[in-house]
1. Read through the list (1) closer than 27 Å to Gln77 by Cα; (2) out of contact with any Asp or Glu (no Cβ under 7 Å at 6 or more places or on another chain), then give the number of the only condition that Gly31 fails.
2. When both residues are 6+ apart or on different chains and their Cβ atoms are under 7 Å apart, which pairs have a first residue that lies in region 75-92 and is in a helix (DSSP H, G or I), and a second that is surrounded by 10 or more Cβ atoms within 10 Å (Cβ to Cβ)?
3. Limited to region 39-55, what total is found for residues that are part of a helix (DSSP H, G or I) and surrounded by fewer than 17 Cβ atoms within 10 Å (Cβ to Cβ)?
4. Check whether at least one residue in region 56-66 is part of a helix (DSSP H, G or I), of a type in the set (Gly, Ala, Ser), buried (at least 18 other Cβ atoms within 10 Å of the Cβ) and at pLDDT 95 or above, and report yes or no.
5. Which residue pairs have Cβ atoms closer than 8 Å, lie 6 or more positions apart in sequence or on different chains, and pair a first residue in region 28-46 that is touching a residue at least 12 places away in the same chain (Cβ under 8 Å) and under 13 Å from Gly8 (Cα atoms) with a second residue that is outside any loop (DSSP other than H, G, I, E, B) and among the acidic types (Asp, Glu)?
6. Scan region 1-28 for residues that are surrounded by fewer than 15 Cβ atoms within 10 Å (Cβ to Cβ) and either outside any loop (DSSP other than H, G, I, E, B) or of a type in the set (Val, Ile, Thr) (or both) and jot them down.
Amino acid sequence: MHNPPHPGEILREDYLEPLGLSVTDAARALGVTRKTLSAVVNERAGISPAMAHRLAKALDTTPELWINLQMQYELWQAKEIDLADVRRLVSA
């Protein structure tokens, strides 16, 4: 697996830009504040389950697409955590 993009990057580059939508217009269509959508698009916030449903309906996708994108991104980022102090709880 490679370093997956943040879902906000995908939303921005694959949907908003090709559709010529501003964050303000998209936020209005999604029923969220501009601040909320801006945080996602600028990769400062992740995709919540509620946002996944909103995006799915507005963009004719599925909520699972957006949740899976978020999960892949977060799992990749978590590879950086230090696991040295983690002990095995079950025998191998």
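The values are calculated or read from the model by the stated rules, or taken from the named source; none is laboratory data. Remember, predicted model here, so these are calculated numbers, not experimental data. Cβ sites come from the backbone with ideal geometry, for glycine too, and all protein chains shown count toward neighbours.
1. Tallying (1) closer than 27 Å to Gln77 by Cα; (2) out of contact with any Asp or Glu (no Cβ under 7 Å at 6 or more places or on another chain), Gly31 fails exactly one: (1).
2. Partner pairs satisfying both residue conditions: Trp76/Pro4.
3. So the answer is 4.
4. no
5. Cβ pairs passing all conditions: Glu43/Glu9; Gly46/Glu74.
6. Here is the first cut: in region 1-28, the ones surrounded by fewer than 15 Cβ atoms within 10 Å (Cβ to Cβ) are 1-3, 13-14, 17-20, 22, 24-25, 28.
The answer is Glu13, Asp14, Glu17, Pro18, Leu19, Thr24, Asp25, Arg28.
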